[in-house]
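**Q** Input: one structure, supplied below.
The values are calculated or read from the model by the stated rules, or taken from the named source; none is laboratory data. Quantities reported herein were computed from a predicted structural model and do not represent experimental measurements. When we count neighbours, we look across all protein chains shown, and the Cβ atoms used for this are built from the backbone with ideal geometry, even at glycine. Only protein heavy atoms, including side chains, enter the accessible area calculation; ligands, DNA and RNA are left aside. Shrake-Rupley method; radii C 1.70, N 1.55, O 1.52, S 1.80 Å.
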Amino acid sequence: MNIVEEYEKEIAGRLVSIVVKYEHANEFPYYAVSSLNIDGAGKTVEEAKEKCENATKLDIIMNQ
């Protein structure tokens, strides 16, 4: 997997690191994973980031 992007974002009051990777052979080649081990996959970078960020937000809110 190749790293496409790394960034930090405040999600639900917490600073979270997110890494987006690319693997050519998959149906959803872009894969984003947060520092909380929450992930999301998509056909585009933006789709993977959005899924990861939304799932991370939900996890933070549910575990408060």
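**Q** Look through Glu53, Glu27, Glu46, Glu10 and report the one residue that is part of a strand (DSSP E or B), of a type in the set (D, E, K, R) and either at negative phi or open to solvent by 60 Å² or more (accessible area, probe 1.4 Å) (or both).
**A** Glu10
**Q** Is it true that Val16 is outside any loop (DSSP other than H, G, I, E, B), free of Cβ contacts under 8 Å to residues at least 40 places away in the same chain and either touching a Cys at 6+ places or on another chain (Cβ under 7 Å) or of a type in the set (Val, Ile, Thr) (or both)?
**A** no
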